[in-house]
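Some notes on the structure that comes next.
Computed from the coordinates by the stated procedures, all read-outs in this text should not be read as laboratory data. Note that the structure is a prediction, hence the values are computed from the model and not measured. Methodologically, a virtual Cβ is constructed for each residue, glycine included, from the backbone with ideal geometry; neighbour enumeration extends over all protein chains shown.
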Amino acid sequence: MTDMPDTTTTGNPSHDAPGDVVDDAAGYYREGDPIADTKSPDDQPVERRWSERKFSARMANPAKRRTLSVIVVGTGLAGASAAATLGEAGYQVKTFCYQDSPRRAHSIAAQGGINAAKNYKGDGDSVYRLFYDTVKGGDYRSRESNSYRLAEVSVNIIDQAVAQGVPFAREYGGLLDNRSFGGVQVSRTFYARGQTGQQLLIGAYQALERQVAAGTVETFTRHEMLELVVVDDGSGPRTRGIITRDLVTGAIDTHIADAVVLATGGYGNVYYLSTNAMGSNVTASWRAHRKGAFFGNPCYTQIHPTCIPVSGTHQSKLTLMSESLRNDGRIWVPKDPADVTRDPRDIAEEDRDYYLERIYPSFGNLVPRDIASRQAKNMCDEGRGVGPEVEGVRRGVYLDFADAIARLGRPAIEAKYGNLFDMYTRITAEDPYQTPMRVYPAIHYTMGGLWVDYDLQSNLPGLFVAGEANFSDQGANRLGASALMQGLADGYFVLPNTIRDYLADGPFDTVPDDHPAVVEARASVQERIDHFLTVNGTRSVDSYHRELGNIMWEYCGMERSAEGLRKAIDLIRSLRDDFWRNVKVLGDSESLNQSLEKAGRVADFFELGELMCIDALHRRESCGGHFRAESQTEDGEALRHDDTFAFVSAWEFGGESGARELGTPVLHKEDLVYTAIEMKQRSYK
Amino acid sequence: MTLTLKIWRQADAAAEGRLHTYQLDEVSPDMSFLEMLDVLNEQLNAAGEEPVAFDSDCREGICGMCSLMINGEAHGPEVTTTCQLHMRSFADGDTITIEPWRAAPFPVLKDLVVDRSAFDRIIQSGGYISVNTGAAPDAHAIPVPKQNADRAFDMATCIGCGACVAACPNGSASLFVGAKVTHLGELPQGQAERDHRVVNMVAQHDHEGFGGCTNIGECAAACPKEIPLDVISQLNRDLRAAMRHGH
Amino acid sequence: MTSVATTDLVRGGRSTRTTIALKLTMAVSGLVFVLWVLAHMYGNLKAFAGHDAFDEYAGHLRTMGQPIFPHAGALWIIRAILVVAIVAHVTSAVILWRRAEGARTTRYQVKKNKHSSLSSRTMRWGGLALLLFIAWHLINFSAPRVNVTGGSTADPYDLVVDSFSTWWLTLVYLVAMLALGMHIRHGFWSACQTLGWTSTTRARHRAKSAGIFLAVLIAGGFSLVPIFVLAGVITK
């Protein structure tokens, strides 16, 4: 692996020189054997690999498919589309979701759009260009074969969605409209006003419900997966099922199948406040991880710079405002910390610090998400943040439209951003036409997830992971409008084609209820539930969750340092210890008990949070949205180390010793090999 | 702000329920309605009383999970979802009555949580276009006039929250069914199954035990996504067409 | 599935067995009544033309259609249509009413209906009131005919004047006409909606306006004769 030098990195970096290997995480982990993806036909050129794999993957004939069963956990874009497609193919499918309907999965909240290399605008787009943009956007930390395939099937997604009746925006000629999104040079984003995620999910949901009516899919709503069943009868481990809790009746059930697909989304809620839904959680992935599935790049999270700031300690979630606002709004804070409580309209022009325009004169307010986010945090940490003071800090910066309104007129601004301004007004009761908006970064997406090979299969045979829950396609950062693309690519087109290779060996032996693996899994679920209900402590689950979130945001958020991460690990460990001894969960386990549900999820967030910090500590480089204080250029910009860190960190669970003590996690490295694209350092000055 | 809350508490589907009264102090006008309930739940938990169960998920007005009858209005006094309602819509000293959606096809599971799976079954009965994955022609193969695409979109914004049923004096889900029938019927892709779709969806709607529509209009007024009454006319029209075609 | 949700999927649904089919029945039968009351109201105004004109009109109702139909044949056909319409209208209403009752078995402790008209929410009780009124109305003027002043019932014009000279009977009629107006106000637009003619905002507003217009026209037109009799303008 060679580091491709770039003009911005020729100066002497202030801290690490390329090639320096400092193991900050020494003592926190053990290094295991390297791991490799064995499914991608890497001897083929990148553009041939998916065709080749589809051809080489074995098949089951239609009669046999009816005897094969698949469990799909999660019914967002990836889960619903996978379940529908597998049902159409004739497999027996069961889906599970914690919501009261598959239609409510959090994919529904995606606003912007979905990329596809259709080149309907004739502006020079191509599969290769989308592939290139995705790899570059991911800061060269994604797997090349996966990213290429994502771009390749993107075109099929649009065809499928349109055929299902997804009402994408259209032009007067009746053809589909596209817009440019996320700073790319072509218009390839398809959209349905600001509700693209909703429309795509409803399309997938309807396809799923059609299969329910056809009898191929059975849906289990208000059910949460609490354990994975991995059976090893001498021929190696096989994932054979899940243990679920019926959230209404409290019934613990075993569901056995020939394969299990996790499509359970991201883990942004480890930060407590994020743009995720209240119920979004890592439990399914984490239970699989504890059963042996590797967790890839847990520290890769995406932070969105323009969310509505926290208004008080009661805040339960953060609401995203479209990034497009930065096209016309100017971001500033007062120069003098004494001015932060003044009416912004009374602060003179010369007393304002338009810090992005000052630091990044060529990109100004349009710098990438991670830079805009990090600088906003820096300003607030300097005491120049604005808005309400929450826990001693004002977390907000102004996004000012006064100039744009003066230049373009209010009607033009209304036409472009009216719905966003209305949303802002509804939440904050402030009028952005009169006074500057306040925005602050928030956790939005997680690129890390369970490690999978080219077939989307984890290292546990029979466990497949799709969508945001896996780590594979986005690298260290995600391009705008490509989350929806990945979820649907995995569910409609990739997984149904790769899972058949595994299922060709099935159906596997039945797993009786008294099988030791089932008994153990059920006992572990029951033990946790019983524990939570009998601790009789003093603190609510939410209060622990909020405190954990604060630690994660402070030390494992946008800017990370070895010192901070070590501190965070200590804080998490002691808080986790207190949680197990002092949490207060009322009610019983035989009925709907939302505190009990949350307790299980927060328990898993604690363990994940610690692993995220260890991963971040180990990755002593700034890449994607992650700025490591120890890895920056002379002028304070992110510095990546392709010579030392061009690999996927696949973490193996380190086991658990007595008193819920976590063992040392084991790091398996998967080298990232680029054959079609050469690595470059980013520059936005 | 100080509030008096009268909240429906019911242990489970089989139990009798009743309104309980709680006092809540130090409510900030910037809180969302659900954050206010979060604060109440923290208070109850600390006092050893089981927190109030209520549904919510995205808390940004799109998932349709939240579902509260607030002072006799579905999602409260503003045209939005409960999660986007803020306490500044209320006054210091107010008494707020909070009940679950009431409809026989939406049985109460606990406190303020109801079972809305009837909506899923209505979709199963025909709320889709039958196209298997991979069987789609190129997306530009069939142009769709912009006005049809826009109307389809407007009706497709339904979030399936059930406010229409909750608000309707007849407990009818006609607005929900009409929105889906109009969305899919407006597109060329939806024509082949149009007659079957409307008949099966209405038959399922009736089977679930929803009431018939008397065009009162409370549903459209309660809809957080402002789906208009037009869709019920369209639903009736489509059913009449299916009748004419012998379905 | 949760333990509570137990309903299954309907197979082989028929359009004719849906609630919308019942609503269509109500819409069509209701429109028949609207046409009928329009004609009836027009006929009543003959009272302003005096005794002879009114009785000639009443007699003509029986000879209309002759000689193609036998004496009173056309009238009987109209009566048959009206009977069928009322049976269909009331039967459908009762079925839908019972469904609606069953759809909300637990009432709200607090429920606001801020966005609907009083007319729309009183269709059922208002309809029941109209049914009772129609029964009395037929007893009063068709068969067996009742003169509350104790006078003759042989002459239609005289019976009308006698009846409405009685203040409380006029009041009953005026209240009934208010109920009729409200029923038409919502019923007409609702029928348009049920027939699928109001799928746009404009069409809906037009249908609602037409409903109000018809309600005022019909209820107002019917009210003129009783008021003018009571006021002593129309006399024997």
Practice item. Work out from phi, with θ = phi - 60° and the Karplus expression 6.51 cos²θ - 1.76 cosθ + 1.60, the ³J(HN,Hα) of each residue of segment A:448-464, listed in order in whole Hz, and give x for Gly and Pro. Key: x, x, 4, 5, 9, 8, 4, 7, 6, 9, 6, 6, 8, x, x, 9, 10
**Study point:** Amide H partners (placed H, <5 Å) of residue A:438, local residues excluded
**Key:** A:399
**Study point:** Cβ-Cβ FRET estimate between residue B:191 and residue B:46, R0 fixed at 60 Å, reported to 0.05
**Key:** 0.55
Exercise for review: Note the angle between two axes, namely the Cα long axis of helix A:541-555 and the longest principal axis of the Cα atoms of chain A, as a number of degrees from 0 to 90, rounded to the nearest 10.
Suggested key: 60
Practice item. Evaluate E = 1/(1 + (r/R0)^6) for residue C:134 and residue A:214, where r is the Cβ-Cβ distance and R0 equals 56 Å; express this FRET efficiency to the nearest 0.05. Key: 0.60
Review point. Among C:189, C:168, which comes first, second and so on when ranked by fewest other beta-carbon atoms within 10 Å?
Key: C:168, C:189
Point to revise | Estimated Rh, chain A: Kirkwood, alpha-carbon pairs, angstrom | key: 25.6
Review point. Extension gain residue C:146-residue C:56, at 0.36 nm per residue separation less the Cα-Cα distance, in nm?
Key: 30.3 nm
Review point. Once Lys and Arg get +1 and Asp and Glu get -1 on their Cβ, which of A:205, A:668, A:83 lies farthest toward the positive end of the dipole of the protein assembly as shown?
Key: A:205
Revision key, fill the gap. Given unit charges at Cβ for Lys, Arg (+) and Asp, Glu (-), the dipole magnitude of the protein assembly as shown about its Cα centre in debye, nearest 20, is 5200
Review point. Farthest toward the dipole's positive end in segment B:116-244, which of B:174, B:220, B:207, given Cβ charges of +1 (Lys, Arg) and -1 (Asp, Glu) about the Cα centre?
Key: B:207
**Study point:** Local electrostatic count at residue B:135 - Lys and Arg +1, Asp and Glu -1, tallied over other residues with Cβ under 15 Å
**Key:** -3
Practice item. Measure nothing fancy, just the Cα-based angle from helix C:167-194's long axis to the longest principal axis of chain C, in degrees from 0 to 90, nearest 10. Key: 40
Exercise for review: Kindly provide the helix-only [θ] at 222 nm of chain B, computed as the sum of -39,500 (n - 2.57) over DSSP H runs of four or more divided by all residues, to the nearest 500 deg cm²/dmol?
Suggested key: -10500 deg cm²/dmol
Point to revise | Per-residue average of Cβ from other chains inside 10 Å of B:76-87 | key: 2
Point to revise | Within segment A:454-562, trypsin sites (Lys or Arg not before Pro) in DSSP loop having at most 10 other beta-carbon neighbours inside 10 Å | key: none
Study note, to complete from the structure: chain C, Gaussian network, Cα under 10 Å: of C:200, C:25, C:153, the residue fluctuating most is C:200
Study note, to complete from the structure: Within segment A:332-365, DSSP-loop trypsin sites (Lys or Arg not before Pro) with at most 13 other C-beta atoms within 10 Å are A:342
Review point. Nearest 0.05, what FRET efficiency do residue A:574 and residue B:16 give at R0 = 51 Å with Cβ-Cβ as r?
Key: 0.70
**Study point:** Ordering of A:413-422, A:252-261, A:101-110 by burial proxy (mean other Cβ atoms within 10 Å per residue, highest first)
**Key:** A:101-110, A:252-261, A:413-422
Review point. What angle, in degrees between 0 and 90 and rounded to the nearest 10, separates the Cα long axis of helix A:196-214 from the longest principal axis of the Cα atoms of chain A?
Key: 10
Practice item. Identify the GluC sites (Glu not before Pro) of segment B:42-138 meeting these criteria: DSSP loop state and at most 16 other C-beta atoms within 10 Å of the C-beta. Key: B:49, B:78
